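A short worksheet on the structure shown next.
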There are 2 protein chains.
Amino acid sequence: MSPSAFARLPRPPYYAVIFSAQRTDGDHGYGETAARMVELAAQQPGFLGMESTRGEDGFGITVAYWESEEAIRAWRDHAEHAAARERGRAGWYSHFELRVARVERAYGWDRDAASGDRA
Amino acid sequence: MSPSAFARLPRPPYYAVIFSAQRTDGDHGYGETAARMVELAAQQPGFLGMESTRGEDGFGITVAYWESEEAIRAWRDHAEHAAARERGRAGWYSHFELRVARVERAYGWDRDAASGDRA
């Protein structure tokens, strides 16, 4: 059993976009747009999965997984995503960092299942 | 101004260990050991920085950044870290995923500063 918060990914290699961000106070339309971006990203070619969490202090980390650099670039250039990013800069974040990485190996463990080395 | 939750990293390339985990209920010594592991990791050769957050549902993401695969392996093999991992499997987590990735480009933005493309 893999809880739904976890992405179910193929064997590496694949790519990760690691987005860490400090939210400003208040929603300002963030929640609705964030949910839409998750929905839209999942429809893009090469999207593999996403994991995301945010603490009570407003600091959050989202990692989106993609098949290729090409898929990441296409998502970056998607018009609705680009517009959402502009709104993010305008009102939702005080600081963010984005890192693009090539995942080379992966390992998972589950209390209720046999542990599995997947790479 | 970069809030302290953010790692201050050199230009890529460097490596990321992306650890996502679902905590079990209760502390069971987790908080003390987690703080010790952060302190200990920061003392290791090749450690660059760390970002971490956990939501109220107990799902957390920690990303540790390292200079090299060799540094990651040395930390994996550190005796006190290995003992802490065993305790994690025994009581702190119901599920986790660990992914090792090579960061190829990075970009940061701050509301109070000029935005900077760092790769």
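Observations
- Against the test of being assigned to a loop (DSSP other than H, G, I, E, B), more than 19 Å from residue A:105 (Cα to Cα) and more than 9 Å from chain A (Cβ to nearest Cβ), the options B:26, B:49 yield a single qualifying residue, B:26.
- Search result, residues across the range A:56-92 that are open to solvent by less than 30 Å² (accessible area, probe 1.4 Å), facing another protein chain (nearest Cβ under 10 Å), within 22 Å of residue A:23 (Cβ to Cβ) and part of a strand (DSSP E or B): A:59, A:60, A:61, A:63
- Among the residues of the range A:95-112, those identified as over 16 Å from residue B:107 (Cβ atoms) and open to solvent by less than 50 Å² (accessible area, probe 1.4 Å) are A:103, A:106, A:108, A:109, A:110.
The values are calculated or read from the model by the stated rules, or taken from the named source; none is laboratory data. Keep in mind the model is a prediction, meaning the values are calculated, not measured. Quick reminder, even Gly has a Cβ in these numbers, built from the backbone with ideal geometry, and neighbours come from all protein chains shown. The area values use the complete protein model at the heavy-atom level, side chains included, leaving out ligands, DNA and RNA. Shrake-Rupley method; radii C 1.70, N 1.55, O 1.52, S 1.80 Å.
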